Amino acid sequence: MLQDTAHEIERWTGVAMATAVVAYGLSRRSLPGVAIAATAAPLAYRGITGAWPGFALHGADATRVALSGDRGTHVREGIRLEVPLDVVYAFWSRLENLPRFMTHLESVTDLGNGRSHWVAQGPGMPVEWDAEIINDVPNKVIGWRSIEGSDIATAGSVHFSTARQGRSTQVLVHLRYAAPGGRAANALAYVLGRDPAHMIREDLRHVKQLLETGEIPRATKGAPA
Amino acid sequence: MKAVCYYGKGDVRVETVPDPEILNPRDAIIRVTATAICGSDLHIYGGYIPTMQKGDVLGHEFMGEVVDVGPDNHRLKIGDRVVVPFTIACGQCFFCKEQLWSLCDNSNPNAWVAEKLYGYSASGLFGYSHMYGGYAGGQAEYVRVPFADVGPLRVPDSLRDEQVLFLSDVFPTGFMAAENCQIQPGDTVAVWGCGPVGQFAIQSAFLLGAERVIAIDRFPERLALASSFSRAEVLDYSKVDVPQALRELTGGQGPDACIDAVGLESHGTTLDAWYDRAKTSMYLATDRPHALRQAINACRKGGTVSIPGVYGGWLDKFPLGAAFAKGLTLKMGQTHMHRYMPRLLEHIERGDIDPSFIITHRVGLDDAPEMYQTFREKEDSCIKVVMTPS
């Protein structure tokens with residue numbers, strides 16, 4: 001009840017802010033002014049409909065619903081490697097390789113037909129979920145989402161491209177995740193830490209270290225940072 | 001094994017710690033035969049370097065014998081005699097490929113800490129805080145060397161430890177400082193600080209074709225060494241007005257290049273130096289850049305200021321306006337060790353230079369606590385301490 005009221009306030013605050021920004025932008029009677037007004041439009045849309053434009057009302061499957069609107073956490077991080085594009089893609093597309101640099105993962109098992117089983121170390125017990133590859137363009141992109149019924153909703157993509165006239169490879173990760181349930185949500189928060197962007201950044205650093213040098217540097221025994 | 005460990009500001013102890021082990025495939029373990037205390041170790045000793053922890057093994061200038069190698073290290077063999085660069089570099093990242101070895105992207109496991117402070121992280125360093133990787137240092141009987149198929153340089157038996165030990169840091173650091181000056185024949189180079197890096201910068205400036213080098217310090221033995229060993233002209237800043245003297249010595253034009261081999265703990269007798277002291281003592285500033293300010297102001301128009309001295313934080317009253325007005329070039333950073341070591345070894349082999357000229361104290365590892373004190377206070381005419389662990 002209280003939450004609903006809060007949502008109402010949030011929505012109408014959004015509309016009010018958006019209206020103010022649109023009014024300000026248009027009052028400048030200039031191209032930048034129009035641009036400012038335009039950027040406020042999604043905010044107004046969300047205020048009125050309750051969802052960000054583009055994510056609203058698409059399909060009915062669990063993952064998409066769980067991650068729609070402003071639900072879930074979004075992370076975007078990238079890294080550049082001095083390793084050929086096809087090598088990076090080939091390494092990444094073998095899902096069993098992922099735990100070698102994603103330190104919070106225990107294992108990823110390829111179940112065939114684009115499906116995979118993921119196990120991460122949670123507080124006292126492992127957290128598990130299944131995912132399916134929904135997009136795989138060799139040397140360009142791998143996209144996945146969790147399968148309906150999983151405790152954890154996650155979707156994401158890894159984009160591969162070249163830089164510096166083809167001498168370097170760039171990897172861009174776009175990850176969204178949410179944990180609808182209480183216990184699973186806590187476990188997920190533990191697994192990913194307080195700052196998921198930090199975790200992803202470190203994972204990307206590790207894959208770069210592994211592919212460039214063959215090892216992940218460490219100053220002491222035990223798992224790398 | 002025995003190792004020199006950090007326990008806090010002004011507190012260094014020799015402790016028994018576990019022997020290092022091979023942790024990664026390209027590692028090597030070195031039995032240390034000679035190790036030195038660096039001026040930058042005094043920054044740690046003085047409490048200026050953040051992210052040091054109690055018990056950290058100190059030391060980044062060391063050499064010795066390879067006693068173990070990892071399974072993927074195909075370059076070193078047990079028994080090899082090597083000097084180890086203080087910066088750790090992987091050899092395969094963008095920066096290593098560009099010869100910017102001290103900016104290696106992969107060797108610092110705690111890069112994210114440095115990134116919070118500096119935007120991006122430089123390479124990992126031996127015995128120089130957790131922000132730089134938390135690697136145990138070489139003031140110990142043994143040390144683990146990561147990426148040991150890239151860094152360590154084999155040295156011939158014909159050269160003594162004392163002749164090659166300083167390839168681990170101060171000789172290449174002084175050399176890069178001079179190389180950064182882009183010296184042209186006939187140039188005059190002024191060097192602030194006549195510690196080991198300053199001495200090697202003076203030597204290297206002459207090696208690279210400088211006509212005159214003017215050395216600035218206040219300790220008679222350091223000025224004497226610069227004058228006698230390297231034929232530098234010397235200025236005692238406690239006795240003369242340095243900017244005035246530099247103008248006179250250069251016909252009013254100023255030195256073509258200035259080297260700040262002092263760094264963040266600069267002393268001085270002028271107003272700004274006391275201001276720095278007051279601010280840093282109240283934690284209102286992190287560094288005391290007196291020498292750097294003077295170097296920037298003294299440098300001729302269009303000249304180069306080269307900074308091998310270490311800085312760590314945010315500088316106060318930094319005269320960027322003067323640097324801009326005079327169109328100066330500023331060059332700085334940790335030494336790209338791997339770029340210089342083979343070439344400087346050749347100079348030593350040819351007899352162009354015997355780096356052992358800076359050594360004033362030769363002791364065992366147990367004397368480290370006393371020597372840190374002696375070196376910091378520059379007691380007993382101390383310029384360079386070399387320790388033999390066994």
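The values are calculated or read from the model by the stated rules, or taken from the named source; none is laboratory data. Here the structure is a predicted model, which is why all the values come from computation and not from measurement. Heads up, the Cβs are rebuilt from the backbone with ideal geometry, glycines too, and the neighbour counts pull from every protein chain shown. Accessible surface is based on the protein model in full, side chains and every heavy atom, while ligands, DNA and RNA are left aside. Shrake-Rupley method; radii C 1.70, N 1.55, O 1.52, S 1.80 Å.
Brief remarks on what is shown
- Spin-label model distance (nm) - residue B:247 vs residue B:363, 7 Å beyond Cα toward Cβ: 4.4
- Gap separating the Cα centres of region B:34-101 and region B:155-229, nearest whole Å: 22
- Gyration tensor verdict on region B:247-345 (Cα atoms; rounded if a/c is under 1.5, prolate if a/b is larger than b/c, oblate otherwise): oblate
- Counting only protein heavy atoms and using a 1.4 Å probe, the accessible area of residue B:228 comes to about 90 Å².
- Note on residue B:330: accessible area approximately 50 square angstrom, rounded to 10, probe 1.4 Å, nucleic acids and ligands left out.
- Proximal lysines relative to residue B:97, as straight alpha-carbon distance under 23 Å, when same-chain residues fewer than 8 apart are discounted: A:208, B:331
- Ranking B:158, B:266, A:107 from most to least accessible surface, computed with a 1.4 Å probe over the protein chains only, gives B:158, A:107, B:266.
- Listed by chain and number, the lysines whose alpha-carbon sits under 21 Å from that of residue B:279, ignoring those within fewer than 8 places in the same chain, are B:9, B:317.
- Computed accessible area, residue A:92, all protein chains, 1.4 angstrom probe, square angstrom: 10
- Label-to-label distance, nm, for residues given as residue B:9 and residue A:130 (7 Å Cα→Cβ offset): 6.1
- For the pair residue A:87 and residue B:211, label points projected 7 Å from Cα toward Cβ lie 5.1 nm apart.
- Residues residue A:161 and residue A:107, FRET efficiency given R0 of 22 Å [Cβ-Cβ distance, rounded to 0.05]: 0.15
- For the set B:131, B:1, the ranking by accessible area, highest first and with no ligand, DNA or RNA atoms included, is B:1, B:131 under a 1.4 Å probe.
- Added length on full extension, which subtracts the Cα-Cα distance from 0.36 nm per residue, residue B:240 to residue B:378: 47.6 nm
- Residue-span extension gain [residue B:279 to residue B:390] - 0.36 nm each, minus C-alpha spacing: 35.6 nm
- When each of the peptides A:205-211, B:98-104 is scored by the mean number of other C-beta atoms lying within 10 Å of its residues, the order from highest to lowest reads A:205-211, B:98-104.
- Based on C-alpha pairs under 8 angstrom that are at least 6 apart in sequence, region B:271-390 has a relative contact order of 18 percent.
- When only Cα pairs below 8 angstrom with a gap of at least 6 residues are kept, region B:1-105 shows a relative contact order of 25 percent.
- Fully extended contour minus Cα-Cα distance, from residue B:158 to residue B:23, at 0.36 nm per residue: 45.4 nm
- Shielding value for B:99-109 is 4, the average number of Cβ atoms from other chains within 10 Å of each residue's Cβ.
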